[in-house]
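Trainee: Submitted below is the structure of interest, expressed as structure tokens.
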Amino acid sequence: MCFYYQLSHLAQRHAARAKEPLMGIVDLVNGFRHPLLPVVRRDGAVMMHWGLVPAASPQFDLSTSHLNARRETAHEKPAFRHAMVTQHCLVPATGFFEWQHVGSTKQPWFVRLRNAHDFSFAGIYDVWQDDSSGQVLASFAILTTDANDTMAGIHNTQKRMPVILPLAMEQKWLAPDISDSDIVELTNPLDDALLEAWPVKPFRPQHPSPDLSKRWDGGMQSLF
């Protein structure tokens, strides 16, 4: 799963496509707070709430929204079916956090793309409109897939990972004529060689400290 990530900078390629003012640096994006975050749609970069609320929902209730969607079943679920076909988005990030179960403790790890300053998660979004006021609110979910070997060693209980799109794959994900086979290909687990990960000092997501992504010598050895 993916509930916490980092956005230490917004790539110029995304900032240049902004349709509205976008937020700046975030050391820890906490999905359970359902924050407004920069997301790139086919028509440009906008701010959306993290936590997909389907357009058919009677009200915009983020407390029952979806932070993640499983890529294997998203096309079958009423909440995601329409978005999975027609409403893809990029969720810019510079890394993400995942917890490894070691006995009775949980060791946090920071994961990022090797030899790249940023990447995008593959996202889907929906747009909800209030029938009485006409207010329009957009929200998104991050797709997840089976863990590759690196992530299976870290997320060692559920063995899942977010769908990560390197730069070369971003526009293909946003293409209006994307095929079902392309969707399957793009949402496969990322090659292990493209990722690097290391342990970080344990922290409470509710009260994050500075330098969350700094390598911690008190943790386990880095992977790759």
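The values are calculated or read from the model by the stated rules, or taken from the named source; none is laboratory data. What you are looking at is a predicted structure, and each value in this text was computed from that prediction instead of being measured. Every residue, glycine among them, receives a Cβ derived from its backbone with ideal geometry; neighbour counts consider all protein chains shown.
Trainee: For Leu137, state whether it is modelled with pLDDT of 95 or more, surrounded by 14 or more Cβ atoms within 10 Å (Cβ to Cβ), within 28 Å of Pro54 (Cα to Cα) and among the hydrophobic types (A, V, I, L, M, F, W, C). Full working, then the answer.
Mentor: Details: modelled with pLDDT of 95 or more: yes; surrounded by 14 or more Cβ atoms within 10 Å (Cβ to Cβ): yes; within 28 Å of Pro54 (Cα to Cα): yes; among the hydrophobic types (A, V, I, L, M, F, W, C): yes.
For Leu137, the condition - modelled with pLDDT of 95 or more, surrounded by 14 or more Cβ atoms within 10 Å (Cβ to Cβ), within 28 Å of Pro54 (Cα to Cα) and among the hydrophobic types (A, V, I, L, M, F, W, C) - is met.
Trainee: Tell me which of these Asp126 doesn't satisfy, since it passes every other one: (1) free of Cβ contacts under 8 Å to residues at least 40 places away in the same chain; (2) touching a Pro at 6+ places or on another chain (Cβ under 6 Å).
Mentor: Every condition holds for Asp126 apart from (1).
Trainee: Show the residue pairs meeting these rules: Cβ distance below 6 Å; 6+ apart or different chains; first residue within region 196-222 and closer than 25 Å to Asn148 by Cα; second residue among the basic types (Lys, Arg) and at pLDDT 90 or above.
Mentor: As it stands, the answer is Glu196/Arg114; Trp198/Arg215; Trp216/Lys201, since those pairs meet every condition given.
This table checks each residue for (1) aliphatic (A, V, I, L, M); (2) more than 26 Å from Val26 (Cβ to Cβ); (3) at pLDDT 95 or above; (4) within 15 Å of the chain's Cα centre (by Cα).
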residue	(1), (2), (3), (4)
Val53	yes, no, yes, no
Ser63	no, no, yes, no
His66	no, no, yes, yes
Lys77	no, yes, yes, no
Phe80	no, no, yes, no
Ala83	yes, no, yes, no
Val91	yes, no, yes, yes
Thr94	no, no, yes, yes
Val102	yes, yes, no, no
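Trainee: Between residues in region 1-30 that are more than 19 Å from Thr144 (Cα to Cα) and residues that are of a type in the set (Asp, Glu) and modelled with pLDDT under 90, which pairs lie under 9 Å by C-beta distance while being six or more apart or on different chains?
Mentor: These pairs meet every condition: Ser8/Asp27; Asp27/Asp211.
Trainee: Scan region 69-84 and tell me whether some residue there is out of contact with any helix residue (DSSP H, G or I) (no Cβ under 6 Å at 6 or more places or on another chain), surrounded by 15 or more Cβ atoms within 10 Å (Cβ to Cβ), part of a helix (DSSP H, G or I) and hydrophobic (A, V, I, L, M, F, W, C).
Mentor: Within region 69-84, one or more residues are out of contact with any helix residue (DSSP H, G or I) (no Cβ under 6 Å at 6 or more places or on another chain), surrounded by 15 or more Cβ atoms within 10 Å (Cβ to Cβ), part of a helix (DSSP H, G or I) and hydrophobic (A, V, I, L, M, F, W, C).
Trainee: Could you run through region 147-191 and say how many residues are touching a strand residue (DSSP E or B) at 6+ places or on another chain (Cβ under 9 Å), modelled with pLDDT of 95 or more and of a type in the set (Ser, Thr, Tyr)?
Mentor: 2
Trainee: Whether any residue in region 119-135 is closer than 28 Å to Leu10 by Cα, of a type in the set (A, V, I, L, M), part of a strand (DSSP E or B) and under 12 Å from the mean Cα position of the chain (by Cα) is what I want to check.
Mentor: Within region 119-135, one or more residues are closer than 28 Å to Leu10 by Cα, of a type in the set (A, V, I, L, M), part of a strand (DSSP E or B) and under 12 Å from the mean Cα position of the chain (by Cα).
Trainee: Then there is this: With respect to Arg112, determine if the residue is closer than 25 Å to Val53 by Cα, modelled with pLDDT of 95 or more and charged (D, E, K, R). Can you show your working first?
Mentor: Details: closer than 25 Å to Val53 by Cα: no; modelled with pLDDT of 95 or more: yes; charged (D, E, K, R): yes.
Against the criterion (closer than 25 Å to Val53 by Cα, modelled with pLDDT of 95 or more and charged (D, E, K, R)), Arg112 does not qualify.
Trainee: Here's something else I'd like to know. For region 163-184, what are the residues that are touching a Lys or Arg at 6+ places or on another chain (Cβ under 9 Å) and of a type in the set (D, E, K, R)? Spell out the reasoning first.
Mentor: So in region 163-184, the residues touching a Lys or Arg at 6+ places or on another chain (Cβ under 9 Å) come out as 163, 165, 167, 170, 174-176, 178, 182-184.
Glu170, Asp182 - these are the residues of region 163-184 that are touching a Lys or Arg at 6+ places or on another chain (Cβ under 9 Å) and of a type in the set (D, E, K, R).
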